[in-house]
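**Student:** The structure's right below; bear with me while I get my questions together.
The values are calculated or read from the model by the stated rules, or taken from the named source; none is laboratory data. The model shown is predicted, which means the values in this text are computed figures rather than measured ones. Here Cβ is always computed from backbone atoms with ideal geometry, including for glycine, and neighbour counts include all displayed protein chains. These area figures cover heavy atoms from the full protein model, side chains too; ligands, DNA and RNA do not enter into them. Shrake-Rupley method; radii C 1.70, N 1.55, O 1.52, S 1.80 Å.
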Amino acid sequence: MTPRRPSLAELVDGVRTGERAALSRAITLAESRLASDQALAQELMVALSDRIGGAVRIGLTGVPGAGKSTTIEALGLWLIERGHRVAVLVIDPSSARTGGSILGDKTRMPRLAVADAAYIRPSPSAGVLGGVAWRTREAMLLCEAAGFDVVIVESVGVGQSESELAEIVDTFCLLLVPAGGDELQGIKRGVVELADVIAVNKADGELAKAARRAAGDYRHALHMLPPATPGWSTPVLTYSAREGTGLEELWAAIGAHRAHLEASGQLRARRAEQQRHWLGRLLAETVLARFRARPGFGDAYAAAERAVADGTMTVPQAVAALTGDAGGSAGA
């Protein structure tokens, strides 16, 4: 028997009162690609708009092995002890072949996952580039509406562009590990340029000295790059997620960046620009989806694929055929 779908009023009331089940259902609705679900999800967003906008939105990425999940758990528990409510949106990379993902991040944050003041939601990237999932932005806003005052979005990690993550958060944090010059050069310049806060993990035991040295190297490298936020000097900190040291300094840096955004008027400007960026992205997605839904498009696309594969048509010619005069076969 199919469970009854909650009404808009029930979802609004549930999210407003912080019910986890209601929040999860609301995010599932927002992540759905069904037109009917999307319409209801947007009605829900409008109904909750008065509760959206007050949370600290943090984007967190890092090199493989930087300890992103360990850091989030340590910082999340530290924040909860100080009266905050923390939501974590974890983006799991999806298989390019099957579209599947592991979605095992709760197992990497076991203590935070059972904390009453925390909410962890894993989402598959589902082929979306930029370190986020298809509807991460809506999920983040719904968490705000549910009363979480700190929302952390953990990306799939350095290895692809993180620009989309930076476009939906207030403070973009880059986590690194003690490294030599070769590894410093291997980190994408574009990711470093986006960072509002850089933190070197594993500053404990035998690695403490190496972490301090690495932080110095990163500070020197930042002098050659433009600031991610005008008027803000990106701090480079050291901390240990395993021992829980340096978390106060990390949170202070995030708070200082937020204060700078508010004082300079950049917070409002940044969020307005994010809205404009989202409008353009969603418009492109919608137009493409409607184009693909035209009668005959599937057959025309399959024919174009065969022509490109056997060399009888170039890719630009195939695109022109699908979108131009020859696109008539796709149901113009």
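**Student:** Excluding ligands and nucleic acids, what accessible area in Å² is computed for VAL287 using a 1.4 Å probe, to the nearest 10?
**Tutor:** 90 Å²
**Student:** Okay, moving on. Excluding ligands and nucleic acids, what accessible area in Å² is computed for SER32 using a 1.4 Å probe, to the nearest 10?
**Tutor:** Estimated to the nearest 10 Å², SER32 gives 20 Å².
**Student:** What residues have an amide H closer than 5 Å to that of LEU237, excluding those fewer than 5 places away on the same chain, when H is modeled at 1.01 Å from N in the peptide plane?
**Tutor:** Distant-sequence amide H within range of LEU237: ILE198, ALA199, VAL200.
**Student:** Right, here's the next one. From the protein chains alone at 1.4 Å, what is the descending order of accessible area for VAL15, VAL114, largest first?
**Tutor:** Numbers: VAL15 0, VAL114 115 Å².
The ranking, largest first, comes out as VAL114, VAL15.
**Student:** In region 229-332, what GluC sites (Glu not before Pro) fall in a loop by DSSP, with at most 15 other Cβ atoms inside 10 Å?
**Tutor:** Values: sites: GLU243, GLU248, GLU249, GLU262, GLU273, GLU285, GLU305; in loops: GLU243.
Filter output for region 229-332: GLU243.
**Student:** For region 29-70, which trypsin sites (Lys or Arg not before Pro) are both in a DSSP coil and crowded by at most 13 other Cβ atoms within 10 Å? Each step should come with its number before you reach the end.
**Tutor:** Details: sites: ARG33, ARG51, ARG57, LYS68; in loops: ARG33.
Counting only loop positions with at most 13 other Cβ atoms within 10 Å, the trypsin sites (Lys or Arg not before Pro) in region 29-70 are ARG33.
**Student:** How much FRET efficiency would the formula 1/(1 + (r/R0)^6) give for THR312 and PHE291, where r is the Cβ-Cβ distance and R0 is 22 Å, rounded to 0.05? Before the final figure, lay out the partial values.
**Tutor:** Details: r = 24 Å, r/R0 = 1.07.
Efficiency at R0 = 22 Å is approximately 0.40.
**Student:** Using a 1.4 angstrom probe on the protein heavy atoms only, line up ASP196, ASP116, ASP310 by accessible area, largest first. Intermediate results must be reported in sequence, preceding the final value.
**Tutor:** Numbers: ASP196 5, ASP116 140, ASP310 100 Å².
The ordering from most to least exposed comes out as ASP116, ASP310, ASP196.
**Student:** Follow-up. Rounded, prolate or oblate for region 227-331? Axes are the square roots of the Cα gyration tensor eigenvalues, ordered a ≥ b ≥ c, and the cut-off for rounded is a/c under 1.5. Kindly include the intermediate steps, with their values, before the conclusion.
**Tutor:** On the way: a/c = 3.99, a/b = 2.59, b/c = 1.54.
In terms of gyration-tensor shape, prolate.
**Student:** In what sequence, largest accessible area first, do MET140, MET45, MET224, MET313 appear using a 1.4 Å probe? Numbers along the way, then the final one.
**Tutor:** Numbers: MET140 0, MET45 25, MET224 135, MET313 60 Å².
Sorted by accessible area, descending: MET224, MET313, MET45, MET140.
**Student:** In addition: Ignoring any ligand, DNA or RNA, what whole percent of the accessible area of region 192-307 comes from carbon and sulfur when the probe is 1.4 angstrom?
**Tutor:** Details: 3810 of 6570 Å².
Carbon plus sulfur share of accessible area: 58 percent.
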